[in-house]
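Encoded as structure tokens, the structure appears first; notes follow it.
What follows is calculated from the coordinates using simple rules that are stated; it is not laboratory data. Values in this document were obtained by computation on a predicted structure and should not be read as measured data. A quick note on method: Cβ atoms are made from the backbone with ideal geometry, for glycine too, and the neighbour counts reach across all protein chains shown.
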Amino acid sequence: MARETILIVEDDEDIQQLVGYNLAKAGFHVLYAENGEQGLAAVKREQPDLMVLDIMLPILGGFEVCRILRKEPRTRTLPIIMLTAKGEDNDVTAGLDLGADDYITKPFSPRILVARIKAALRRREELSAEEGREAKDGMLRIHDIVIDPKRYEVMVAGSPVSLTVTEFGILDLLARRPGWVFSRQQIIDGVRGYDYVITPRAVDVQVFGLRKKLGTSGECIETVRGIGYRMKG
């Protein structure tokens, strides 16, 4: 079986080598880029399975690299883990809003980084499998929840649950990517569109109502403090 390829976009040589050594030790094939432009070129040339991306890069910053990759259909679903010294809540939410799959601050544990990379790759495989299952019968299944996207119907443990359009949209968004963390802004954009005016507080109210209607299954929707929500994998 071919080894999965990880692209490290990092200008600090010591960190680059530390990450690369631990990834190679974990069985991955590792590529390197020292700035954003090199990173984009490497993605196009090598088609890696995942990118570890620093934010503070020369020539082209990590946020801009992420923005560019998410606009391109071919790289829209490329898993991106941001690894950076910028650990303020605003930086974390900015990275996630741009489409990063995870955000790890320096200093970091190499073992945790490897675990996060494996989890991101696993989520990508599960998403592909889920999309394949949905294509067969049109249903989306997770835990004891069954979602019918065409009829806007939800069953929990075999019983129908009546949701508002917004509640259904949030559930559908989270269920399609179990384990992925969605910021409140991502939820707003995904459910209502980029031009819809709604506050982050309104998202919390909607999630509260959704959890209540799902009963014990509502516990599958986890709060990620300071960021947003995710569906338990």
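Brief remarks follow.
- The chain: equivalent-ellipsoid semi-axes (sqrt of 5 x gyration tensor eigenvalues, Cα, Å): 33, 19, 16
- Considering only chymotrypsin sites (Phe, Trp or Tyr not before Pro) in DSSP loops that have at most 14 other Cβ atoms within 10 Å, the longest stretch of the chain without any of them is 1-151.
- The average projected area of the stretch 5-122, computed from the convex hull of its Cα atoms over all directions, is 6.3 nm².
- A simple charge model with +1 on the Cβ of Lys and Arg, -1 on the Cβ of Asp and Glu and nothing else charged puts the dipole of the chain at about 720 debye relative to its Cα centre.
- Relative contact order for the chain, counting Cα pairs under 8 Å that sit 6 or more residues apart, in percent: 13
- Dividing the convex hull volume of the alpha-carbon atoms in the stretch 55-128 by its residue count gives 92 Å³ per residue.
- Distribution of pairwise C-alpha distances over the stretch 1-40, 5 Å bins, in %: 7, 26, 31, 21, 11, 4, 1
- When the alpha carbon gyration tensor of the stretch 138-231 is reduced to an equivalent ellipsoid, the three semi-axes, largest first, read 20, 14, 12 Å.
- Think of the chain as a dipole: +1 on every Lys or Arg Cβ, -1 on every Asp or Glu Cβ, centred on the Cα centre; then among 149, 83, 65, 149 lies furthest on the positive end.
- Pairs with C-alpha atoms separated by more than 19 Å, drawn from the list 44/71; 86/232; 25/86, are 86/232; 25/86.
- Legend: calculated FRET efficiency, residue 153 to residue 223, from the Cβ-Cβ distance at R0 = 35 Å, rounded to 0.05, equals 0.85.
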